[in-house]
Amino acid sequence: MRAMAQMTLSEHATDFIDDDRLNGLLRSRPDEARVRAIIEKSLAKQALNVEETAVLLNAEEPDLVEEIFEAARRLKRNVYGNRIVLFAPLYIGNECVNDCLYCAFKRSNPDAVRRTLAEQELRRQVEALENQGHKRLILVFGEHPRYDATFIADCVRTVYDVHAGHGQIRRVNINAAPLDHVGYKTVKEAGIGTYQVFQETYHHATYARVHPSNTRKGNYGYRLDALSRAMEAGIDDVGIGALFGLYDWRFEVLGLVAHATYLQKRHGVGPHTISFPRLQPAAGVQLDQRFFVNDHDFKRLIAVLRLAVPYTGLILTAREKPALRRAVMEFGVSQIDAGSRIEIGGYTEAGDAQCMEREQFQLGDIRSLDEVMRELLVDGYIPSFCTACYRLGRTGEHFMEFAIPGFIKRYCTPNALSTLMEYLTDYASPQTKAAGRRLIEAELDKMDNGTQKERLRDVLRKIESTDQRDLYF
Ligand code: SF4
């Protein structure tokens with residue numbers, strides 16, 4: 001049996017979450033002028049600290065909430081334009097030594113169908129995803145000795161090695177258990193993009209309640225320090241997240257902002273992405289509904305995060321239903337998954353219905369990638385499979401150097417249109433192709449005449465009429 005990561009901490013590991021202070025910040029009633037001053041700071045693309053974020057969270061008056069929504073819409077347009085980056089999750093194995101109360105993969109769940117993809121099965125899943133048109137994946141693993149750093153690295157290399165027709169996966173992100181420094185180095189060498197570790201809840205007492213102390217995940221401090229170890233080991237892009245519905249959603253937003261601020265201060269760069277999944281039904285799980293987040297508060301959550309961390313990608317997953325996803329996109333979401341199946345082997349075996357015993361939780365949106373693409377196009381978004389920054393080494397601090405001055409916009413839209421043209425040419429249904437062509441023409445019309453536009457027209461022509469692919473700026 002393979003060994004699990006040594007539970008060593010990073011050099012200056014510290015527990016930067018002060019529950020009483022964060023809860024204290026959520027008890028004050030802000031005045032309108034203060035709320036507006038903080039919105040202005042954010043619209044100037046400056047990150048907010050936890051005190052300022054708490055002021056926005058405490059603003060309950062409908063007019064102020066609407067002002068926060070409008071500011072989030074503006075900031076999203078200013079920093080991300082109308083691009084939405086697409087990816088798909090790929091569950092590799094659901095063996096797990098932990099016993100998280102909210103998870104169908106918990107070790108004490110007798111109904112869970114345990115499985116780990118063998119290499120050939122993994123290749124078939126990736127072929128199926130490439131034949132859908134995907135270019136970016138996140139590989140998901142339980143926490144188990146079988147899924148050590150070497151195994152994860154081997155999976156990453158296998159994924160990059162699969163080429164179905166014009167298909168290829170160009171960026172592989174990871175959502176797995178915390179590793180030690182040696183482990184992170186091993187997966188970095190395999191060429192991963194982002195390494196995600198979610199704290200699930202930043203509230204210490206709740207964390208202890210849902211993660212039994214006799215499990216590896218029961219160690220709050222080891223998990224909170226996970227991404228500092230990753231950054232010390234040379235991983236540039238990290239992803240944080242909280243599972244909304246375990247404790248007060250406003251507290252968790254402050255926890256995420258405190259974590260982002262801590263990484264920025266300590267490592268010179270904040271998280272690449274933040275995820276905010278909401279608790280969903282899961283096989284063998286009795287959900288405690290005390291802290292469930294309703295749709296209105298979920299929109300506020302996204303808008304406030306958008307304003308608090310202008311340059312961090314916000315990931316909205318297919319946990320949510322199609323109508324809700326469509327409604328919240330404008331508040332700051334920058335990445336979504338689509339055409340997702342989370343059963344192990346689901347991309348070749350799952351039919352239209354979900355099989356809960358084989359899933360970690362129930363999905364809200366199982367539409368095909370093509371359906372989601374078409375809806376985005378109709379709503380005026382550019383669906384993007386871009387991986388240029390990652391492959392040109394524009395990651396971590398270097399990405400921020402590039403992104404903050406706003407240059408990134410000059411590259412993001414042309415790169416997004418290039419990947420969109422690949423999708424339209426190789427995978428799209430006739431209706432999606434028609435919607436995509438209209439959008440591309442509209443985007444070209446918006447561009448200033450000049451070399452950049454001519455270079456882009458040339459790239460689009462090459463993709464449409466030759467076998468050339470993977471052309472980016
Ligand atoms: S949430 Fe993750 S660590 Fe916890 S039981 Fe599920 S798979 Fe295991």
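The values are calculated or read from the model by the stated rules, or taken from the named source; none is laboratory data. Being a predicted model, the structure only gives us computed values, none of them experimental. Backbone-built Cβ (ideal geometry, glycine too); neighbour counts: all protein chains shown. Accessible surface areas use protein heavy atoms only, side chains included; no ligands, DNA or RNA. Shrake-Rupley method; radii C 1.70, N 1.55, O 1.52, S 1.80 Å.
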Sequence-distant lysines (8 or more away, or on other chains) whose Cα lies within less than 28 Å of LYS217: LYS106, LYS185, LYS188, LYS265
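If the only charges are +1 at each Lys and Arg Cβ and -1 at each Asp and Glu Cβ, what is the size of the charge dipole of the chain around the Cα centre, to the nearest 20 debye?
On the way: 62 positive and 65 negative charges, 132 e Å.
Roughly 640 debye for the chain.
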Within straight-line cross-link reach of LYS321, aspartates and glutamates at Cα separation under 13 Å, skipping those fewer than 8 residues along the same chain: ASP295, ASP337, ASP365
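Using only C-alpha positions, report the orientation-averaged shadow area of the convex hull of region 288-370, nm², one decimal. Could the numbers behind the result be given before it?
Working: hull surface 27.2 nm².
The number I arrive at for region 288-370 is 6.8 nm².
Roughly speaking, to the nearest percent, how much of region 156-196's 1.4 Å accessible area is carbon and sulfur?
Exposed carbon and sulfur together represent 49 percent of the surface.
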Charge-dipole axis of the chain as Lys and Arg at +1 and Asp and Glu at -1 on Cβ define it, positive-most pick from HIS134, HIS272, VAL459: VAL459
Under 28 Å from LYS462, Cα to Cα: lysines that are on another chain or at least 8 residues apart: LYS135, LYS409, LYS433, LYS446, LYS453
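How much length, in nm to one decimal, is gained on full extension between GLN120 and ASP15, taken as 0.36 nm per residue of separation minus their Cα-Cα distance? Before the final figure, lay out each step's value.
Numbers: separation 105, 0.36 × 105 = 37.80 nm, distance 4.22 nm.
Stretched fully, the GLN120-ASP15 segment lengthens by 33.6 nm.
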Förster radius 22 Å - calculated FRET efficiency between ARG290 and GLU60 (Cβ-Cβ, nearest 0.05): 0.65
Dipole magnitude (debye, nearest 20) for region 71-157, charges at Cβ of Lys, Arg, Asp, Glu: 780 debye
Per residue value of the accessible surface for the chain (all protein chains in place, 1.4 Å probe), Å²: 38 Å²
Sorted largest first, extent of the chain alpha carbons per principal axis (Å): 60, 59, 42
FRET efficiency, 1/(1 + (r/R0)^6) with R0 45 Å, evaluated for ALA323 and HIS204 via beta carbons: 0.80
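Do the sum for the chain: with -39,500 (n - 2.57) for every DSSP H run of n ≥ 4, divided by all residues, what is the mean residue ellipticity at 222 nm, to the nearest 500 deg cm²/dmol?
Details: 20 runs with 219 residues, N = 473.
The per-residue figure over the chain is -14000 deg cm²/dmol.
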Charge dipole (region 76-367, unit charges on Cβ, about Cα centre) - positive-most of TYR247, TYR222, ALA153: TYR247
About the Cα centre, charge dipole magnitude for region 404-465 (Lys/Arg +1, Asp/Glu -1 at Cβ), debye: 80 debye
Principal axis dimensions, largest first and in whole angstrom, of region 1-157 by Cα: 59, 40, 36
Cβ-Cβ FRET estimate between ASP161 and ARG266, R0 fixed at 41 Å, reported to 0.05: 0.70
Of all accessible heavy-atom area on region 404-465, the percent that carbon and sulfur account for (1.4 Å): 51 percent
Inter-probe distance in nm under a simple model that places probes 7 Å from Cα toward Cβ, at ALA37 and SER429: 5.3 nm
Share, in percent, of DSSP beta bridges within the chain that are antiparallel, nearest 5: 5 percent
Calculated P(r) tail over 15 Å for region 404-465, as whole % of Cα pairs: 51 percent
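Quick check: with the 1.4 Å probe, what order do TYR311, TYR222 take by accessible area, largest first? Please list the in-between numbers first.
Values: TYR311 40, TYR222 10 Å².
Result of the area sort, largest leading: TYR311, TYR222.
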